[in-house]
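A.B. asks: I'd like to ask some things about the structure below.
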């Protein structure tokens, strides 16, 4: 769609970065409060009372305006924006955005740069995540180029995109590994700031809806956002209450959907947002307030994301089967737990699933019935990519260093699992999502680093391998934490392995939401099923054998 009045405006907010931060939280084994009763919403953050919500540009932006006034089209507005980010009652970070007029190949354009920073703890260890997105667009709103940088591990993940009339060319680089992809594109699609661009160009009126297709950086895919203005209400903001228009936003990404609430003033500025289910709330604020205490990392996401059990469970390492009852507040919807040889899922009600997890080894008898469909590996399960660099020299050296004379895939994979377990000598949570090449050098990390390194080493030895996302039982908290492990192809089946254990098995206390080769332009999109269950999942252990 073309945006009416786009030439008179450019936005300073960033709804997609708020949704992206929710996905990144999933990558960091994070969640929101699970002790909240089903009929209650997450607690609202304590608002600072000494700060007024800014509605115009800051002094620093005025200087930028003067420097670039020659490139500014008549009547256009520039701006800068800051937001304070909360999860529950805790500050977890901030977002800053700046817009400036530039010339691109002799054409007047606008460049938007947005920086999102989150700081939190995982079992007492501080993690800091930074995402910077820069988008250059024509005054008509068409995207010319975009760059995103995600910093969280030892090496940043940098993606550069160039947009043509019918396609977008993507180049992603991390730890020296470069991958290239091409995706279909339409001139009617917008960039990552398209929602706010649309709202400020033409504020959404109560009872009206709007649909926008926009490019989602880091995930590197196109999502379809549907907005609906449901009514006016009084909203608590820094500095006092305001009457705002409440907007529901649902962004469809393949079979998944990410939902958000936004509160817009009559000028089309979004002053408050909430990511549904996650409980992350952002408020517009001055730069000083947005940065205040923003990186103290007081919240421990591993603890707050625990899916608590009503009573402690005992799931022995050598158990052959475990049966669970899963309830999802708000209904199952598009939420899925993967079905396969190791996990069977049965729908009991609109909000309930019965999940049976069975132990699978290379010698487990295969079922005779045809109901259990075995999914064969794809080419991507064997190839090197930007996160699983199976052709990296350090990864190859590690992979070739064990089971040198062995030819049986299952025995090689188990030996590699044990090697990864002993190679990662510093078991910590300070890494966000490091690639296999980084881990081969740093030799540190948590479950994600174990999983990408094992997948890379298996592929280096010619064994198809992928990662699995889900939950694992954590006895100290008497509940389930989000987790990542592996599945390796041994010739006739996928065998679960977990290098955090290094014992040649993945016990039945792991519930799988999804599996992925982490290939293509959007490997982080594999985390979307995890986001779907944040804050909504209840689990009960029914049976253990």
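A.B. asks: Can you work out the FRET efficiency for the pair residue 165 and residue 232, with r the C-beta to C-beta distance and R0 = 35 Å, to the nearest 0.05?
C.D. replies: The pair residue 165/residue 232 has a calculated efficiency of 0.30.
A.B. asks: Oh, and also: In nm, what is the difference between 0.36 nm times the number of residues separating residue 363 and residue 180 and their Cα-Cα distance?
C.D. replies: 62.0 nm
A.B. asks: Can you sort 305, 320 so the residue with the fewest Cβ neighbours within 10 Å comes first?
C.D. replies: 320, 305
A.B. asks: Which percent of Cα pairs goes in each bin when the distances of the range 465-520 are cut into 5 angstrom slices starting at zero?
C.D. replies: Computed distribution, short to long bins: 5, 19, 27, 26, 14, 6, 3, 1.
A.B. asks: Can you check how the C-alpha radius of gyration of the range 329-419 compares to 2.2 N^0.38 Å, as a plain ratio?
C.D. replies: Rg over 2.2 N^0.38 Å, computed on Cα atoms: 1.50.
A.B. asks: Here is a further query. Order the peptides 342-355, 529-542, 92-105 from the highest to the lowest mean number of other Cβ atoms within 10 Å of their residues.
C.D. replies: With the highest mean Cβ count within 10 Å placed first, the list reads 529-542, 92-105, 342-355.
A.B. asks: Could you list the residues of the range 483-511 with an amide nitrogen less than 18 Å from a label point located 7 Å from the Cα of residue 407 in the Cα-to-C-beta direction?
C.D. replies: Answer for the range 483-511: 490-492.
A.B. asks: Now for a separate question. Go ahead and collect, in residue order, the members of the range 204-236 whose backbone nitrogen is under 15 Å from a label point 7 Å along the Cα-Cβ direction of residue 266.
C.D. replies: 204-206, 232-234, by backbone N distance to the label point.
A.B. asks: Just how many % of Cα pairs in the range 388-449 lie over 16 Å apart, if you round to the nearest whole percent?
C.D. replies: So the portion of pairs separated by more than 16 Å is 45 percent.
A.B. asks: Just want the ordering: 323, 281, 395, from fewest to most Cβ atoms lying within 10 Å of their own Cβ.
C.D. replies: 323, 281, 395
A.B. asks: Also: Per residue and in cubic angstrom, what volume does the convex hull of the Cα atoms of the range 338-384 have?
C.D. replies: In the range 338-384, the Cα convex hull volume per residue is 127 Å³.
A.B. asks: Debye sum, Cα scatterers, the range 307-544, no solvent: what log₁₀ I/I(0) at q = 0.08, 0.17 1/Å?
C.D. replies: -0.28, -1.29
A.B. asks: In the range 167-185, which residues have a backbone nitrogen under 17 Å from the label point lying 7 Å from residue 158's Cα in the Cα-to-Cβ direction?
C.D. replies: 170-181
A.B. asks: Moving to a separate point now. Counting other beta carbons within 10 Å of each residue's own, what order do 474, 86 fall into, fewest first?
C.D. replies: 474, 86
A.B. asks: Suppose the chain between residue 250 and residue 188 were pulled fully straight at 0.36 nm per residue; how much longer would it get relative to their current alpha carbon spacing?
C.D. replies: 20.4 nm
A.B. asks: Label-point separation (nm) for residue 173 and residue 213, each offset 7 Å from Cα along Cα-to-Cβ?
C.D. replies: Reported label-point gap for residue 173 and residue 213 is 3.1 nm.
A.B. asks: How much length is gained on full extension from residue 128 to residue 478, taking 0.36 nm per residue of separation minus their Cα-Cα distance?
C.D. replies: Here the segment from residue 128 to residue 478 would lengthen by 123.3 nm.
A.B. asks: Which log10 I(q)/I(0) values, to two decimals, does the range 127-217 give at q = 0.10, 0.19, 0.21 Å⁻¹ under the Debye formula with one point per Cα?
C.D. replies: At q = 0.10, 0.19, 0.21 Å⁻¹ the computed log10 ratios are -0.33, -0.92, -1.03.
A.B. asks: Here's something else I'd like to know. Obtain the radius of gyration and the Kirkwood radius of the range 413-545 from its C-alpha atoms and give Rg over Rh.
C.D. replies: A ratio of 0.95.
A.B. asks: Let me ask something else. For a Förster distance of 22 Å, can you work out the FRET efficiency between the beta-carbons of residue 309 and residue 426, rounded to the nearest 0.05?
C.D. replies: The calculated FRET efficiency here is 0.10.
Throughout, read-outs are computed from the coordinates displayed, never taken from laboratory work. Just so it is clear, the model here is predicted, and its values are computed rather than measured. Every residue, glycine among them, receives a Cβ derived from its backbone with ideal geometry; neighbour counts consider all protein chains shown.
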